[in-house]
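> Can you keep this structure in mind? I'll have questions shortly.
The values are calculated or read from the model by the stated rules, or taken from the named source; none is laboratory data. All figures in this text were calculated on a predicted structure; none of them were measured in a lab. FYI the Cβ positions are ideal-geometry reconstructions off the backbone, even for glycines, and counts take in every protein chain you see.
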Amino acid sequence: MSAKTKAQDTTLPEEPVTPPSVLVHGGRVLPAVTVDTYNEELRDEEGFVGDRASRRAFHAILADWRDRLKERGEDPFGDVPMEEISKSKLDKMLSSGDPVSAGLVHTVVEEFAGELATVIRRFLRLDTWKDTQRIVIGGGMIGSRIGELAMGRTGIMLAADGIKIELAAIQNDPDEAGLIGAVHLAPSWVMAGHDAILAVDIGGTNVRVGVVELNSGKRGEIEEADVWKRQVWRHADDKPGRDEAVEKIGAMLTKLIDRANDEKIKLAPFMGIGCPGLIDEQGFILKGGQNLPGNWEGKSFNLAAALSAHLPKIGAHDIFIQIHNDAVVQGLSEVPNMKDVEHWGVMTIGTGLGNARFTNRE
């Protein structure tokens, strides 16, 4: 690693890889994998390296190229503001018959792919990311044609540099992967005899809550977990305070619990939450929660405790809440697809660039 690039040490301490006797937040040893590291915050002279491959970075590249075209009177978007340019609109322009429109999108995708390739190179230099065989690319952008092209071009750039790594798009719907991954946070005995769990995916722009059906096999393997019902709240539009946000999430979950009861779905008294940042074993967000509404970081706020106050019991039991980093949880949705590799990672393109590296457990 060059002197200009520094990584904050988010590597979990070396310790015997044995199953924990109790469930903990931000756990290193999970039923199917060991979490080697997550939430790595590489820095260079320009700031966080991961920010170069975020959704904001993509929009910044697009805005820059629009400005260049405007000087020649050729911006295909005209006066349309950046916030109204969606992924679907860019996908349509990509396949349009207008060479300027398609050329603009191709140029932006190419530049963004170069930034993503740079970020992946930096991560692969870390000891905790060495020997990574496959990286799953997640986040909402990957569910579009422009996201697929960016990933494809990134893979070609890395291969041209002699870097042997497979890039794969997340298999589940990117909007549901952060919910489905929650089923891999808890050991099977927690969910034995139940049909589904509750899950929450908290991001810098949206909050998603859902009921995830386990669809477990005869031996209890969870291979086909799927979202039964979900709700989405774009909190970035409402700009709530922290307590208001927690109350809103609790209300969304309560509505889903009532609906599951009406449909005779047997919910386990367990909920998995994916949340940005570095999570300690007591569930405090130590850092990385700067994009959440209000101050969620530090020892003065515990999300599990705050949310529990707004939740009913399931049956006669309080709901056990387990919190982990959102990139970790989204990555866990890929556990059934990673049996042919040993070391694999996930990078989620969102408000920032989430990241985690895993080693499969036998």
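> Sort out which residues of region 57-82 are among the charged types (D, E, K, R), assigned to a helix (DSSP H, G or I) and either modelled with pLDDT under 90 or over 32 Å from the mean Cα position of the chain (by Cα) (or both), and write them in order of number.
Across region 57-82, the qualifying residues are Arg68, Lys70.
> Can you name the number of the only condition in (1) out of contact with any Phe, Trp or Tyr (no Cβ under 9 Å at 6 or more places or on another chain); (2) free of Cβ contacts under 8 Å to residues at least 24 places away in the same chain that Gly250 fails?
(2)
> Scan region 48-91 for residues that are basic (Lys, Arg) and under 18 Å from Gly103 (Cα atoms) and jot them down. Spell out the reasoning first.
Step one: filter region 48-91 for residues basic (Lys, Arg), giving 52, 55-56, 66, 68, 70, 72, 87, 89.
Correct list: Arg66, Arg68, Lys70, Arg72, Lys87, Lys89.
> Look through Thr205, Thr254 and report the one residue that is closer than 21 Å to Val328 by Cβ and surrounded by fewer than 18 Cβ atoms within 10 Å (Cβ to Cβ).
Only one candidate qualifies: Thr205.
> Okay, moving on. Consider region 83-137. How many of its residues are surrounded by fewer than 16 Cβ atoms within 10 Å (Cβ to Cβ), in a loop (DSSP other than H, G, I, E, B) and either in contact with a His (Cβ under 6 Å, 6 or more places away or on another chain) or among the basic types (Lys, Arg) (or both)?
Going through region 83-137 one residue at a time, the tally reaches 4.
> Would a scan of region 296-311 turn up a residue that is assigned to a strand (DSSP E or B), out of contact with any Asp or Glu (no Cβ under 9 Å at 6 or more places or on another chain), closer than 29 Å to Val35 by Cα and free of Cβ contacts under 8 Å to residues at least 60 places away in the same chain?
So far as region 296-311 goes, yes, one or more of its residues are assigned to a strand (DSSP E or B), out of contact with any Asp or Glu (no Cβ under 9 Å at 6 or more places or on another chain), closer than 29 Å to Val35 by Cα and free of Cβ contacts under 8 Å to residues at least 60 places away in the same chain.
> Mind counting the residues in region 187-210 that are part of a strand (DSSP E or B) and touching a residue at least 40 places away in the same chain (Cβ under 8 Å)?
10
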